[in-house]
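Novice: Please see the structure below; I have some questions.
A short reminder: the numbers here are calculations on the coordinates, not readings from a lab. It should be emphasised that the depicted structure is a prediction, and the values quoted were computed from it without experimental measurement. Neighbour counts run over all protein chains shown; Cβ positions are idealised from the backbone, glycine included.
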Amino acid sequence: MHRSFTITVPPAHTDTLCQELNTLETVVGLTLHRGASQKPPGDVVTVQVLNRGADEVLRRVRAQVPEQQISVATAELTSLIIPAQKKLVVGDKDEAIWEEMESGLRYQARITPNYLYLMFLAGLVCAVGLVSEAVPQAVAFTAAAVIAPGFDPVAKVPLGIVLRRWPVVWHGLLSTVVGYAVLIGAAWLTMEGLLWAGETTPAELAGNSEVQNLMAPKLKELLVSGGGALAGVVMLAAFRRSFMAGPLIAQAIIPAAALIGAGLATSQVPLAWAGAVRFGLDWVGIVGFGLLLFGLKQLAVHRRRTLL
């Protein structure tokens, strides 16, 4: 999608900024409303820009406006209809800006009651899947991956490291620890309930074929998991958040976390340990691919620090 920026500018810097933005070929629309903003006070500059020019617009804003007076709101444009600039518009690219990535991850991975409810329910569903037959198990694992907002808190870590935004790294680690602790606790409670009701046994859990795959993943499983980790990072960088469930389905991070709780509930420490190891492998995969891709994006595409 193309971008629209609403920039509030102190009057003393308005003319210089507008002159700078007017020189950019990728800026296809520029509107100035003098004195229109009441909070913060100032002029309002609305910029319609192609995706590939968004970073340069923000670079010009940083260069022309004092940092403590910068105020920018971003939005996606569904389309740009400019027949005279058709070739320029249709040749645009899909790329998220750093500020949108960070804001999206902050929103999705914040420790709120809704975040914790979803992680708890994912743990419940996944624990049932661990002791189910193949078809209901696949349904349970897929559903848990869709339910759990489990990718975003992990992805905040490499993004924060690349941008040197240490509060982002800290909040990503905290959200990961708290969220997955709730998921593991839900799996533990669910397995305790199933054992109490006579619906399963420790032997059934240990003998489940998918549990065995989680304990000793082969190259095929690791390739699928790694592909899911890299795909998730690419989707974040391309601002394709609507499809974020796909990477979690490909990975085993949710079932692995649930296995930790289920193994503890059945007093099978080797199962819990195997789940922790597989969880760690997928976590490292997301962080590692995130550092690689976000680092390359910073070097080759964005080449700037954020305005946040």
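Novice: Which of the lysines could be linked to Lys93 by a straight reach, that is with a Cα gap under 25 Å, when you skip same-chain ones fewer than 8 residues away?
Specialist: Lys156, Lys297
Novice: In whole angstrom, how far apart do the alpha carbon centroids of region 207-243 and region 272-308 sit?
Specialist: Result: 14 Å between the Cα centres.
Novice: Give the order of His13, His171 when sorted by the count of other beta carbons within 10 angstrom, beginning with the fewest. Spell out each step's value before the answer.
Specialist: Details: His13 17, His171 20.
Ordered by Cβ neighbours within 10 Å, fewest first: His13, His171.
Novice: Then there is this: Rounded to the nearest 0.05, what FRET efficiency is calculated for Gln298 and Ala134 with R0 set to 45 Å and r the Cβ-Cβ distance?
Specialist: Numbers: r = 43 Å, r/R0 = 0.96.
So the FRET efficiency works out to roughly 0.55.
Novice: For region 61-207, how big is Rg over Rh, using alpha carbon atoms and the Kirkwood form of Rh?
Specialist: 1.17
Novice: Given the C-alpha centroids of region 158-173 and region 64-93, what is the distance between them in whole angstrom?
Specialist: 27
Novice: Which of Val182, Val45, Gly150 sits closest to the plus end of the dipole of the chain, meaning its Cα is farthest towards the positive end, when Lys and Arg get +1 and Asp and Glu get -1 on the C-beta?
Specialist: After comparing all options, I get Val45.
Novice: Compute the whole-percent fraction of alpha carbon pairs in the chain spaced more than 35 Å apart. Don't skip to the end; give the middle numbers.
Specialist: Details: 15556 of 47278 pairs.
Summing the P(r) tail past 35 Å for the chain gives 33 percent.
Novice: At most 13 other C-beta atoms within 10 Å and a DSSP loop state: those are the exposed GluC sites (Glu not before Pro) I care about. Give me the longest piece of the chain that has none. Mind dumping the intermediate values first?
Specialist: On the way: sites that count: Glu25, Glu133, Glu199.
In short, 200-308.
Novice: Continuing with the same structure: Only sites in a loop by DSSP and with at most 14 other Cβ atoms within 10 Å count here; which trypsin sites (Lys or Arg not before Pro) in region 257-308 make the cut?
Specialist: On the way: sites: Arg278, Lys297, Arg303, Arg304, Arg305; in loops: Arg303, Arg304, Arg305.
Here the sparse-neighbourhood loop sites are Arg303, Arg305.
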